Amino acid sequence: MRHALREATTPLMATKVRPDLSQGAPAHGARHVAIIMDGNGRWAKKRLLPRVAGHRAGVEAVRRVTRAARELGLECLTLYAFSSENWKRPASEIADLMSLLRHFIQSDLDELHANGVRLRVIGNYRAMDPSVVALIDGAIARTAGNKGPIVAIALNYGAQDEMARAVQALARRAVAGEIALDDIGVGDIDAALDTGDLPPLDLLIRTSGEQRLSNFLLWQAAYAELYFTDMLWPDFDERALAAALDAFRLRDRRFGGL
Ligand code: IPE
Ligand code: IPE
Ligand code: MG
């Protein structure tokens, strides 16, 4: 599915995205929300629990929020689950995260599929453990024909790595004579990113009080609204998502215009 904005002659993202209420679009007007799900470790620490308990509780929040995203009429929810920098963590924590990821796909795929969700992954997930890659590819293939919202999980994702891979793909096409170097423009780069066929990013949420992007969706966030909350990810729920969308609705998005 390609978004009309990408095919329009107007500059990318130059048009305000307005909810079309006649079509039953949600009043908040957001199509694509992304979340930096941060604070699992601190949530566990506050309770004197091991970090893995925070990650487990974080999976519960993922369940709540993916359900809520559907109910709130989002077209796409992108969740930052594991960054390309998270490999710096202790091997035992990485193993815990991978095991939770495997378990999540195995236990939740039926429900996601029944609800018409299209599962997607952004990031260089193919460099991950082959058993995880096979599980992901199976889940993507199984849900590809669905008509409901897209849930995109960012795995082994880093925006700088994503851009480097997009540049490589475009350079390869240029070397093969498929595109002229001087013709490469913003739209080509946008389409070559992992998010190439996702709707433009409207709202980027980060939990846990940190106010940084940590290498997430740097290109796509060019005109996204940013929303930071002190809430730790395992505490995030449908009400918290609705509150973020309420705040989004009140923002005046000018895209450089008036
Ligand atoms: C987010 O929680 C989950 C991942 C990065 C995988 P953290 O594990 O970063 O939790 P804090 O930031 O240490 O509290
Ligand atoms: C960002 O959180 C990555 C994910 C939520 C998956 P981090 O906890 O890794 O970010 P930093 O290290 O605080 O920037
Ligand atoms: Mg963190």
Among the residues listed as ARG120, ARG126, ARG70, ARG63, the single one being at pLDDT 95 or above, in a helix (DSSP H, G or I), out of contact with any Lys or Arg (no Cβ under 6 Å at 6 or more places or on another chain) and within 24 Å of LEU213 (Cβ to Cβ):
ARG126
For ILE179: the one exception among (1) hydrophobic (A, V, I, L, M, F, W, C); (2) in a helix (DSSP H, G or I); (3) farther than 22 Å from TYR80 by Cα
(2)
Conditions (1) open to solvent by less than 50 Å² (accessible area, probe 1.4 Å); (2) of a type outside the set (D, E, K, R); (3) within 16 Å of ligand 1 (Cβ to nearest atom) -> LEU170 fails only (3)
For ARG206, indicate whether it is under 29 Å from ASP129 (Cα atoms), at pLDDT 95 or above and charged (D, E, K, R).
yes
Restrict the check to the range 56-69 and report whether at least one residue is more than 14 Å from ligand 2 (Cβ to nearest atom), in contact with a strand residue (DSSP E or B) (Cβ under 6 Å, 6 or more places away or on another chain), open to solvent by 10 Å² or more (accessible area, probe 1.4 Å) and in contact (Cβ under 8 Å) with a residue 24 or more places away in the chain.
yes
When residues of the range 182-210 are limited to those that are charged (D, E, K, R), more than 16 Å from ligand 2 (Cβ to nearest atom) and open to solvent by 40 Å² or more (accessible area, probe 1.4 Å), the one nearest to ILE36 (Cα to Cα):
ASP197
If you take the residues of the range 140-161 that are hydrophobic (A, V, I, L, M, F, W, C) and within 19 Å of ALA69 (Cβ to Cβ), which of them is surrounded by the most Cβ atoms within 10 Å (Cβ to Cβ)?
ALA154
Kindly indicate whether any position in the range 229-243 is modelled with pLDDT of 95 or more, within 13 Å of ligand 2 (Cβ to nearest atom), under 20 Å from the mean Cα position of the chain (by Cα) and of a type outside the set (A, V, I, L, M, F, W, C).
yes
Which of (1) away from ligand 1 (no atom under 11 Å from the Cβ); (2) open to solvent by 20 Å² or more (accessible area, probe 1.4 Å); (3) within 21 Å of TYR227 (Cα to Cα) does GLY29 not meet, given it meets every other one?
(2)
Restricting attention to the range 73-80, does a residue exist that is within 16 Å of ligand 3 (Cβ to nearest atom) and either farther than 29 Å from ASP202 by Cβ or within 19 Å of the chain's Cα centre (by Cα) (or both)?
yes
Tell me the residue from LEU226, LEU217, LEU213 that is open to solvent by 10 Å² or more (accessible area, probe 1.4 Å) and in a loop (DSSP other than H, G, I, E, B), please.
LEU213
Every residue from the range 25-56 that is away from ligand 3 (no atom under 14 Å from the Cβ) and small (Gly, Ala, Ser)
ALA25, ALA27, GLY29, ALA30, ALA34, ALA53
Can you give me the number of residues within the range 59-91 that are among the small types (Gly, Ala, Ser) and over 14 Å from ALA154 (Cβ atoms)?
5
Output the number of residues of the range 73-116 satisfying the condition of being open to solvent by 20 Å² or more (accessible area, probe 1.4 Å), outside any helix (DSSP H, G or I) and away from ligand 2 (no atom under 14 Å from the Cβ).
3
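The values are calculated or read from the model by the stated rules, or taken from the named source; none is laboratory data. Nothing here was measured: the structure is a model prediction, and the numbers come from that model. Note: ideal-geometry Cβ built from the backbone for every residue, glycine included; neighbour counts use all protein chains shown. The accessibility values were calculated without ligands, DNA or RNA, using every heavy atom of the protein model including side chains. Shrake-Rupley method; radii C 1.70, N 1.55, O 1.52, S 1.80 Å.
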